[in-house]
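Once you've had a glance at the structure underneath, I'll fire off some questions.
The values are calculated or read from the model by the stated rules, or taken from the named source; none is laboratory data. Given the structure is predicted, the values throughout are model-derived calculations rather than measurements. Note that each Cβ is placed from the backbone with ideal geometry, even for glycine, and that neighbours are counted across all protein chains shown. Surface areas here come from the heavy atoms of the whole protein model, side chains and all, with no ligands, DNA or RNA. Shrake-Rupley method; radii C 1.70, N 1.55, O 1.52, S 1.80 Å.
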Protein chains: 4
Amino acid sequence: MGQWDRFLEPYKQAVDELKIKFKGMRAQYEIENVHSPIEFVTGRVKPLASIYDKCLEKGVSFEPSRKLAEELQDIAGLRIMCQFVDDIETVVNQLRMRNDLRVIEEKDYIAKNKESGYRSYHMIIEYPVQTVHGEIQILAEIQIRTLAMNFWASIEHSLNYKYKGLFPQEIQLRLKRAAEAAFSLDEEMSQIRDEVREAQKYFSEYKET
Amino acid sequence: MGQWDRFLEPYKQAVDELKIKFKGMRAQYEIENVHSPIEFVTGRVKPLASIYDKCLEKGVSFEPSRKLAEELQDIAGLRIMCQFVDDIETVVNQLRMRNDLRVIEEKDYIAKNKESGYRSYHMIIEYPVQTVHGEIQILAEIQIRTLAMNFWASIEHSLNYKYKGLFPQEIQLRLKRAAEAAFSLDEEMSQIRDEVREAQKYFSEYKET
Amino acid sequence: MGQWDRFLEPYKQAVDELKIKFKGMRAQYEIENVHSPIEFVTGRVKPLASIYDKCLEKGVSFEPSRKLAEELQDIAGLRIMCQFVDDIETVVNQLRMRNDLRVIEEKDYIAKNKESGYRSYHMIIEYPVQTVHGEIQILAEIQIRTLAMNFWASIEHSLNYKYKGLFPQEIQLRLKRAAEAAFSLDEEMSQIRDEVREAQKYFSEYKET
Amino acid sequence: MGQWDRFLEPYKQAVDELKIKFKGMRAQYEIENVHSPIEFVTGRVKPLASIYDKCLEKGVSFEPSRKLAEELQDIAGLRIMCQFVDDIETVVNQLRMRNDLRVIEEKDYIAKNKESGYRSYHMIIEYPVQTVHGEIQILAEIQIRTLAMNFWASIEHSLNYKYKGLFPQEIQLRLKRAAEAAFSLDEEMSQIRDEVREAQKYFSEYKET
């Protein structure tokens, strides 16, 4: 257990730092009275049980090692939720611009969503953590999505654990309908987007008096 | 300013305490491997500018006073977000059961939603705060809603500030369509609810190994 | 493990709530521009290993039970640090006044310090926690002390674990000298107390402009 | 006010990030079962009223500007508290080693304490903050001290505000005696240091079983 604690500590540190940093972006937009593309931010270190599963799946030996750190790119995971679909692009551009992390891979499951209906934008980044023994580089996965995408994903994730991806037809149908409902909420939101943005600006200015 | 700070301090205290308490409910469900009806909890003390507006609207004089404390029941505001529509009832029942607060009014804008399309369950509670000068009773408003309801409400709230409730027909139409999309997401979620709940249970049990 | 998690959960909840409450007292004093008798607040749930040791010592069976909850009164522990020795009395009086907890025992190790040199004021309280299954009463121990007392106590605590209370004479002598140095710091602080308090008041008023 | 908010925002961000980072150092020592040279960490952005005073004192115009950012090096302030005097050196070395900040000045008020009796180790650092408009460099002051040093400093700070440094002889004498008491507590602690460190190690290992 001690070995795993030591191995996971820099991941925990990275998650804590990145959460503070991404929440800070939101605060900056608010101070400047601009619509924030970031609604909220969550983060987690992958639980040991899920690391174990992933190791089985990938054929990597379940022990704290450099190999495991390279193969499992989502031990540190951040999630950024957006109000509108096109806020996602703004966030992606912001992340590419930062000097404190290096984007090493991007997967756009929105332009081209997964068969399952999953929609999200993924970035794998390299992030330097300063430890008491010197700097080490950590991989982290950042998922960027709207609230509706997140909603659907959390449901699919739960069901997946039960059915191991082999959904009965009934469930499959319902999941599809939920995905459509989530998609259509995003669509309606996009329609109303410019109005809301302008109103939010007005709203913040108003509050300041 | 000092007068307002002193007046608002117990409200801030109430919000902090209630947030810890409601988040604690979520933690308890998780430890017991049961689906938590609480997804997340937010809270805020009403900003002075909004207190000012509300005073104008209600014809109450804008000064820290017992009168104002009685008339403005949402100076302390808590929001509890749920995954499924029928989680809301579970939360409401839990709150009625607590000995550390007293429910003094309930408004069900879900069974009978507002003309605007707003859906949410509101409770006004009385909550005792211990100050260094003794106990005082504080009113607080708790809003309980699904994520989709919350989504729609935050948009309507922004637009309302701009148009003061007098939406152009175009906006009105779009708001209505967004409300329908949010409603239909909630409907689809309810259809799939029992499946997800069982899967979540399975999911948590699995993680424990 | 699941059993212990469930047993300890309300203690964790109590510690979180009491920390927020005692920190709130400090905030109130500050808003009123009065010297705060509370410098800072910490809290913890007793680690399982220490619960195990205490069970051995007390001859209580090591399992989550009503008996254990009655015998171990410090499973939930809060610590309140004060700037001056006589702030401790102010805090004690404040705690006696609160309606959200019930003091059931007090031990004054300052008026009459332990042979070891340990100084601190202890209160055992009963605190109601609202769980999803209803209200339960929790015992908690509150230690109130100056920073100098705390300093000495943390050192004695570490050494105690190594020597099991049987200190070599050399160590005993050094501990005694450290206790005297801590005591004399508290004495000097008391001498200067009224000056500092008045200055703190002046200080806060000044800042407000 | 909006101008100052925008000017101070990156300082707030720097303080939040550095707090998380320095607290993380503590966590790493604990996981490795080694005595942590860091006891606790605090941080603050200098209040506007104090910025105003400092501007007067330094003859800098009181407005958000590059000039002000260069002259006032402690707008972002961090404080690291240590248990033992010689932990301070360990912390200083750790900070010099980090790649995420650049030390630009060090002042050792311990080897050579101020006339007033003030003891502390100061570092001025440059720290890059990523804003939504790109990276900017921020100056921050880090004060490293023992709890006893901190104790004395907080008292002297309060009195200074009242007397503007012109202490009556009576006060001066008492402050001097308090400084001596703080110093002698640090001395006694140093004497007992190795014993405590070894015991802490033993203590943590014990807990792990």
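Cβ under 10 Å from D:Arg119's Cβ, D:Arg119 left aside: what net charge do those residues give with Lys, Arg +1 and Asp, Glu -1? Let's see the in-between values first.
Details: positive: D:Lys112, D:Lys114, D:Arg145; negative: D:Asp108, D:Asp186.
Taking every other residue near D:Arg119 into account, the sum is +1.
Oh, and also: With every protein chain left in place and a probe of 1.4 Å, what is the accessible surface of C:Ser61, to the nearest 10 Å²?
70 Å²
Here is a follow-up. Tell me the distances, shortest first, between D:Asn99 and the same position across the other copies, using label points 7 Å along Cα→Cβ, in nm to one decimal.
Sorted ascending, the copy-to-copy spacings read 1.5, 5.7, 5.9 nm.
Looking only at A:Gln83, A:Gln73, A:Gln191, which one moves most when chain A is put into a Gaussian network model with springs between Cα atoms under 10 Å?
Among A:Gln83, A:Gln73, A:Gln191, the largest GNM mean-square fluctuation belongs to A:Gln191.
Taking the full set of protein chains and a 1.4 angstrom probe, give the accessible area of A:Cys82 in square angstrom, rounded to the nearest 10.
It works out to around 0 Å².
Stokes-Einstein diffusion coefficient for the protein assembly as shown at 37 °C in a medium of 0.692 mPa s, Rh from the Kirkwood formula over Cα pairs: what value in µm²/s? Intermediate results must be reported in sequence, preceding the final value.
Details: Rh = 29.7 Å.
Value of D from the Cα-based Kirkwood radius: 111 µm²/s.
A follow-up question, please. Give me the net charge for the shell around C:Gly77: Cβ to Cβ below 13 angstrom, other residues only, Lys and Arg +1, Asp and Glu -1. Intermediate results must be reported in sequence, preceding the final value.
Values: positive: C:Lys12, C:Lys19, C:Arg44, C:Lys46, C:Lys54, C:Arg79, C:Arg145; negative: C:Asp16, C:Asp74, C:Glu141.
Neighbour charge sum, excluding C:Gly77 itself: +4.
Another question about this same structure. For the range B:14-118, build the charge dipole from Cβ charges (+1 Lys, Arg; -1 Asp, Glu) around the Cα centre, then report which of B:Ser36, B:Ala76, B:Cys55 sits farthest towards its positive end.
Farthest towards the positive pole: B:Cys55.
FRET efficiency for B:Glu135 and C:Gln137, Cβ-Cβ distance as r, R0 = 25 Å, nearest 0.05? Mind showing how you got there, number by number?
Values: r = 19 Å, r/R0 = 0.78.
After rounding, the FRET efficiency stands at 0.80.
Okay, helix-only estimate at 222 nm for chain A: each DSSP H run of n ≥ 4 adds -39500 (n - 2.57), divide by all residues, round to 500 deg cm²/dmol; what do you get?
Details: 6 runs with 115 residues, N = 209.
It lands at -19000 deg cm²/dmol.
Give the share of C-alpha pairs in each 5 angstrom bin for the range D:1-75, from 0 to the last occupied bin, in whole percents, shortest bins first.
3, 14, 21, 17, 12, 10, 9, 7, 5, 2, 0
Using R₀ = 25 Å, calculate the FRET efficiency as 1/(1 + (r/R₀)^6) where r is the Cβ-Cβ separation of D:Lys23 and D:Asp108; round to 0.05.
0.55
Which residues among the range D:76-113 fall inside the zone where the amide N is under 20 Å from a point 7 Å beyond the Cα of A:Asp100, along Cα→Cβ?
Only D:76-80, D:94-104 pass the distance filter.
With r as the distance between the Cβ atoms of D:Asp53 and C:Val34 and R0 = 22 Å, compute the FRET efficiency 1/(1 + (r/R0)^6) and round to 0.05.
Values: r = 23 Å, r/R0 = 1.04.
The formula returns an efficiency of 0.45 here.
For B:Trp4, go 7 angstrom from Cα along the Cα-to-Cβ vector, then report the distances to that same point in the other copies in nm, smallest first.
Reported distances to equivalent positions: 1.5, 5.1, 5.2 nm.
Right, another one. Return the long-range amide H neighbours of D:Thr146 (sequence gap of 5 or more, or a different chain), with a cut-off of under 5 Å between placed amide H atoms.
Placed amide hydrogens put D:Cys82 under 5 Å from D:Thr146.
Given Cα pairs under 8 Å that are at least 6 residues apart, what percent is the relative contact order of the range C:1-145? Spell out each step's value before the answer.
Details: 225 pairs, mean separation 35.6, N = 145.
Over the range C:1-145, the number comes to 25 percent.
Dipole magnitude of the range D:67-209 about its Cα centre, charges +1 at Lys/Arg Cβ and -1 at Asp/Glu Cβ only, in debye to the nearest 20? Walk me through the numbers on the way to the answer.
Working: 19 positive and 25 negative charges, 100 e Å.
Its charge dipole is roughly 480 debye.
With chain D rotated onto chain C, spot the residue of D whose Cβ lies nearest the axis and note the distance in whole Å.
D:Leu185, 3
Suppose you put the label 7 Å out from Cα in the Cβ direction; list, shortest first and in nm with one decimal, how far D:Pro128 is from each other copy's label.
0.8, 5.6, 5.6
What does the charge count around D:Gln172 come to, taking other residues whose C-beta lies under 15 Å from its C-beta (Lys +1, Arg +1, Asp -1, Glu -1)? Write out the running numbers ahead of the final one.
Details: positive: D:Lys114, D:Lys162, D:Lys164, D:Arg174, D:Lys176, D:Arg177; negative: C:Glu188, C:Glu195, D:Glu115, D:Glu156, D:Glu170, D:Glu180.
Residues close to D:Gln172 contribute a combined charge of 0.
Binning at 10 Å from 0, report for the range B:73-122 what percent of all alpha-carbon pair distances ends up in each bin.
That works out to 20, 54, 24, 1, in percent per bin.
Taking the alpha-carbon set of chain A, what are its Rg and Dmax in Å?
19.0, 60
I would also like to ask the following. If one computes the Cα centroid of the range A:48-70 and of the range A:90-132, what distance in Å separates the two points?
The range A:48-70 and the range A:90-132 have Cα centres separated by 21 Å.
For the range A:63-165, what does the alpha-carbon gyration tensor say about shape, rounded, prolate or oblate, given a ≥ b ≥ c as the root eigenvalues, a/c under 1.5 as rounded, and a/b over b/c as prolate? All intermediate terms of the calculation are to be shown ahead of the outcome.
Values: a/c = 2.46, a/b = 1.34, b/c = 1.83.
Taking the square roots of the gyration eigenvalues as a ≥ b ≥ c, the range A:63-165 is oblate.
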